[in-house]
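The values are calculated or read from the model by the stated rules, or taken from the named source; none is laboratory data. Quantities reported herein were computed from a predicted structural model and do not represent experimental measurements. Here Cβ is always computed from backbone atoms with ideal geometry, including for glycine, and neighbour counts include all displayed protein chains.
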Amino acid sequence: MVDRSATLRLDSILLRGLDRAQRIKAALLAAWFFITVATLWLLKPVRVASLLAHLGADETPYVRLAGLVTLAVVVMLYSMLAGRRSRIAVVRWSNLVFAALLVAFWLAMQLGGPALTAQRPFVWAVYILVEIYAVTLIGVFWTYANDVVTSAEANMMYGIVGLGGILGGAAGGVFVDVFAETIGPLNLLAISAGLVVVATVLASITEAVLRPPLRRFAPARPRELPIALQGALEVRKSRYLLLIVLVVVAYEFTATLTDFAVSVVFEATYTGEGELAKMYGRLGWVVSATAIFGQLVIVPLLLPTKRIALLVPPLAMMVGAIGVLVLPVIATAFMLAAADRGLNYSVHQVTKESLYVPLSDAQKYQAKAFIDMFVDRAAKASAAFVLIGVIAFWGSSVRATVVISVVSIAVWFVAARGLGRFWKRAPDGEVRLAAEAIAPVPRAGIPLPPLRIGRPAQDRVG
């Protein structure tokens, strides 16, 4: 007798389980994600090359701390926007505001020239701008996707949606690798602004074609925290969300440390802003190529159960970190980056995002924004403090940094196992999280209302 779960997973790989409407939905979301991630990989080399060429890798922890403060403001503004706007309005406003910022920075660099682009405040501003893009627009995409698919659809189509992002990263990396020295890092900002507008158009087309149900807004809570801070309250109430927070913190802490180690190896190997941008572009498509196998095979096979999918990334990162610890050269640096970013854009990201699909509006829009935009970067900031200490005592030490990252990987693994236990009760990949499985964490002596997992019965349009 053929195992039914194995058959379903093979259907997922071959997309046989999707009907025509679901294939269209997957294609539209994948195309939108392709453009969004391609833009990010155009911007990342600009950010890193500018920092390394003008200030050096030792400046990384300080600029990350400045980015956290900026992102705290962004979280509040985004939460207020998302709390009372339709899902497509949130997407349009976020994308168009960012496109305008990219154009403004491009014009400033055109007019200011090298005298401006080499200044510390401007280098920091460019770095933080790209950080905001990576957090906000990637998060906006996934929030929209999580709100227009069912849990069963997520298990079936998130492999192809995530593949769109991987191919976008590869395309962006190849473009930078080939054209960075010809067109210059400056003009990558203008191209990125145009791509953000294209992503906005794709989002509008997706909304028009899918015609998803009106968004179900969370009820107003006038006596609780302001809407900009209610995401923190939602997280505090749920053990499930708290475990997601722990996974996010451990991963981002690890990734920040290993990214610094990779940057130190690159800085010691290559000189010149153009050469650095070129090699980071090459890293982009190498990482993306590594991730394609994970997205096409590992995600469809493991996503329905979640348990093993949650454990694969920390195990792979442990292997990569040990490789750099033993031999910190460019080959092992590429291997670690491939294990980190390759699995982050495939198995890790898709699995993490699918965990939000069955949750309430407040958890999807406010709690998720709090986790993705603030907790995520707070973890990076804490890693930045650790890096400051490492640099103070050992200088730009690759091995000291990687040793600390190994500890955070172990914490990540433990949290991932905890999340896997929730999904162990879900046969055949169906989302059947019992109320007690995601129960609120009460204050001492003060009972809290039960956490709603499903969507409310009535639409409430603000």
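Computed values, structure above
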quantity	calculated
Residue in segment 60-71 that is surrounded by the fewest Cβ atoms within 10 Å (Cβ to Cβ), counting only those that are farther than 27 Å from Ile191 by Cβ and in contact with a helix residue (DSSP H, G or I) (Cβ under 6 Å, 6 or more places away or on another chain)	Leu65
Selection within segment 357-379 - buried (at least 24 other Cβ atoms within 10 Å of the Cβ) and among the hydroxyl-bearing types (Ser, Thr, Tyr)	Tyr365
Selection count, segment 217-234, where residues are surrounded by 22 or more Cβ atoms within 10 Å (Cβ to Cβ) and modelled with pLDDT of 80 or more	1
Output for segment 58-111, where each listed residue is polar (S, T, N, Q) and more than 21 Å from the chain's Cα centre (by Cα)	Ser86, Gln110
Qualifying positions in segment 386-398 - in a helix (DSSP H, G or I) and free of Cβ contacts under 8 Å to residues at least 24 places away in the same chain	Gly389, Val390, Ala392, Phe393, Trp394
Qualifying residue in segment 303-315 (condition: in a helix (DSSP H, G or I), modelled with pLDDT of 75 or more, more than 18 Å from the chain's Cα centre (by Cα) and more than 17 Å from Ser405 (Cα to Cα))	yes
Residue match in segment 113-128 (condition: touching a His at 6+ places or on another chain (Cβ under 6 Å) and either acidic (Asp, Glu) or at pLDDT 80 or above (or both))	yes
Which listed residue is farther than 30 Å from Ser86 by Cβ, crowded, with 24+ Cβ neighbours inside 10 Å, hydrophobic (A, V, I, L, M, F, W, C) and in contact with a Gly (Cβ under 8 Å, 6 or more places away or on another chain), from Val324, Val347	Val347
Scope segment 82-96; condition buried (at least 16 other Cβ atoms within 10 Å of the Cβ), at pLDDT 75 or above and part of a helix (DSSP H, G or I); matching residues	Arg87, Ile88, Val90, Val91, Arg92, Trp93, Ser94, Asn95
Any hit, segment 358-368, residues being touching an Asp or Glu at 6+ places or on another chain (Cβ under 6 Å), hydrophobic (A, V, I, L, M, F, W, C) and within 24 Å of Gly165 (Cβ to Cβ)	yes
Of all residues making up segment 179-191, the number that are surrounded by fewer than 23 Cβ atoms within 10 Å (Cβ to Cβ) and either modelled with pLDDT under 80 or in contact with a Pro (Cβ under 9 Å, 6 or more places away or on another chain) (or both)	6
Complete set of residues in segment 241-260 that are of a type outside the set (A, V, I, L, M, F, W, C) and closer than 12 Å to Arg377 by Cβ	Glu252, Thr256
Pair list, Cβ under 9 Å, 6 or more apart: segment 290-319 residue under 29 Å from Val174 (Cα atoms) and free of Cβ contacts under 8 Å to residues at least 40 places away in the same chain, other residue buried (at least 17 other Cβ atoms within 10 Å of the Cβ) and among the hydroxyl-bearing types (Ser, Thr, Tyr)	Phe293/Ser346; Val312/Thr351
Residue selected from segment 42-59 under the condition touching a Phe, Trp or Tyr at 6+ places or on another chain (Cβ under 9 Å), among the small types (Gly, Ala, Ser) and more than 13 Å from Ile128 (Cβ to Cβ), by the criterion surrounded by the fewest Cβ atoms within 10 Å (Cβ to Cβ)	Ala57
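Listed here are the residues, each with its yes/no results for (1) modelled with pLDDT of 80 or more; (2) buried (at least 22 other Cβ atoms within 10 Å of the Cβ); (3) charged (D, E, K, R); (4) outside any helix (DSSP H, G or I).
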{"site": "Leu242", "(1), (2), (3), (4)": "yes, no, no, no"}
{"site": "Val245", "(1), (2), (3), (4)": "yes, no, no, no"}
{"site": "Ala250", "(1), (2), (3), (4)": "yes, yes, no, no"}
{"site": "Thr258", "(1), (2), (3), (4)": "yes, yes, no, no"}
{"site": "Val262", "(1), (2), (3), (4)": "yes, yes, no, no"}
{"site": "Ala268", "(1), (2), (3), (4)": "no, no, no, no"}
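Yes/no matrix, rows are residues, columns are (1) without any contact (Cβ under 8 Å) to a residue 12 or more places away in the chain; (2) surrounded by fewer than 22 Cβ atoms within 10 Å (Cβ to Cβ); (3) under 25 Å from Ser79 (Cβ atoms):
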position: Pro114; (1), (2), (3): yes, yes, no
position: Ala118; (1), (2), (3): no, yes, no
position: Val123; (1), (2), (3): no, yes, no
position: Ile128; (1), (2), (3): no, yes, yes
position: Glu131; (1), (2), (3): no, no, yes
position: Phe141; (1), (2), (3): no, no, yes
position: Thr150; (1), (2), (3): no, yes, no
position: Gly159; (1), (2), (3): no, no, no
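Condition check ((1) within 29 Å of Arg282 (Cα to Cα); (2) not in a helix (DSSP H, G or I)) across all residues:
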{"position": "Arg341", "(1), (2)": "yes, no"}
{"position": "Gln349", "(1), (2)": "yes, no"}
{"position": "Leu359", "(1), (2)": "no, yes"}
{"position": "Tyr365", "(1), (2)": "no, no"}
{"position": "Ala369", "(1), (2)": "no, no"}
{"position": "Ala384", "(1), (2)": "yes, no"}
{"position": "Val403", "(1), (2)": "yes, no"}
{"position": "Ala416", "(1), (2)": "no, no"}
{"position": "Leu419", "(1), (2)": "no, no"}
